[in-house]
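Asks: Below is the structure I would like to discuss, written out as structure tokens.
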Amino acid sequence: MALKILTVDDSKTIRMIVKKAFRPYDCEMLEGENGIEGLAISTKEKPDLIVLDITMPVMSGTEMLEKLKSEPSLKDIPVIMLTAESGKDNVMNIVKMGVTDYMVKPFKGEQLIERVEKIVKLEPKKEKEVDEDTSKKYFSLDDGIQFLAFPAKITRPISVEIDGHLKKKIEEMKSSEVKKFILDLRKVSETNVSLIKLVLLIIQKCEKEAISIRLVGSPDVGKELKSFQETSEIPIDFSIDEAKANF
């Protein structure tokens with residue numbers, strides 16, 4: 001049975017970091033924006049672990065923890081407390097609260113997982129489940145066209161992840177005789193070297209398999225691509241309809 005992990009933080013970014021860290025594992029992720037929400041979810045769902053921010057509006061992590069510890073059915077749930085302060089006095093106060101562990105912000109997902117593995121046993125998702133979870137973020141098939149939508153920023157890990165799915169997607173296209181590919185750059189807000197390399201790699205692989213490819217993006221993205229010698233001659237459409245018409 002999947003572990004229930006509750007992340008309680010008023011920062012959406014922190015909640016996303018926590019959820020992403022657990023993505024490869026067989027976990028059901030729950031989230032709340034403040035202590036009141038977190039306490040309500042804890043009461044209803046009885047999570048196996050809580051990742052709890054200390055400073056939040058409405059009800060702080062400290063208040064939520066006190067209420068958890070006073071409730072017989074909730075007091076034994078392991079809690080990892082998140083704090084923005086690393087001072088000795090602050091750390092001592094957190095320890096006195098009875099938390100299982102604590103982390104100082106900012107932190108990386110892998111650092112959180114290292115702490116969690118000392119508390120609960122994490123089971124990796126089956127390879128197929130991980131593949132489906134990650135590929136669906138980027139790839140979709142619609143009206144006989146394979147779409148690949150880039151996120152706002154292409155980092156090295158994201159580039160590796162997309163490239164890892166690309167071979168399988170192209171094989172699926174060949175077997176189903178799909179010959180059109182749209183690379184959707186409309187969400188891109190930063191044009192960097194990782195993006196340029198990935199665009200060129202995708203175009204190269206499509207051309208090798210005789211797959212027609214069109215790039216779709218904003219005028220700003222088009223201007224940025226023109227500024228790189230490697231992509232200066234690549235045409236870019238400004239809408240999906242325009243791309244479809246230009247196949």
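The values are calculated or read from the model by the stated rules, or taken from the named source; none is laboratory data. These numbers were taken from a predicted model, which means no experiment stands behind them. No Cβ is skipped: glycine too gets one built from the backbone with ideal geometry, and neighbour counts run over all protein chains shown.
Residue by residue, here is whether (1) assigned to a helix (DSSP H, G or I); (2) among the aromatic types (Phe, Trp, Tyr); (3) modelled with pLDDT under 95 holds:
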site	(1), (2), (3)
Ile50	no, no, no
Lys75	no, no, yes
Ser86	no, no, yes
Val91	yes, no, yes
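Asks: Sticking with this structure for a sec: State all residues of segment 28-66 that are within 10 Å of Asp9 (Cβ to Cβ), out of contact with any Lys or Arg (no Cβ under 7 Å at 6 or more places or on another chain) and surrounded by 17 or more Cβ atoms within 10 Å (Cβ to Cβ); if no residue qualifies, say none.
Replies: Matches in segment 28-66: Gly32, Glu33, Asn34, Gly38, Val51, Leu52, Asp53, Ile54, Met56, Gly61.
Residues checked against (1) assigned by TED's automatic domain parsing to the domain that holds Pro78; (2) under 25 Å from Pro124 (Cβ atoms); (3) of a type in the set (A, V, I, L, M, F, W, C):
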{"residue": "Ser11", "(1), (2), (3)": "yes, no, no"}
{"residue": "Ile17", "(1), (2), (3)": "yes, yes, yes"}
{"residue": "Arg23", "(1), (2), (3)": "yes, yes, no"}
{"residue": "Cys27", "(1), (2), (3)": "yes, yes, yes"}
{"residue": "Glu37", "(1), (2), (3)": "yes, no, no"}
{"residue": "Lys44", "(1), (2), (3)": "yes, no, no"}
{"residue": "Val51", "(1), (2), (3)": "yes, yes, yes"}
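Asks: Assess whether Ile213 counts as being surrounded by 13 or more Cβ atoms within 10 Å (Cβ to Cβ) and not in a strand (DSSP E or B).
Replies: no
Asks: Quick check on segment 216-243: of everything there that is part of a helix (DSSP H, G or I) and in contact with an Asp or Glu (Cβ under 8 Å, 6 or more places away or on another chain), which residue is surrounded by the fewest Cβ atoms within 10 Å (Cβ to Cβ)?
Replies: Once the filter is applied, the top-ranked residue is Ile240.
Asks: Of the residues that sit in segment 105-121 and are surrounded by 14 or more Cβ atoms within 10 Å (Cβ to Cβ) and at pLDDT below 90, which one is nearest to Asp53 (Cα to Cα)?
Replies: Lys105
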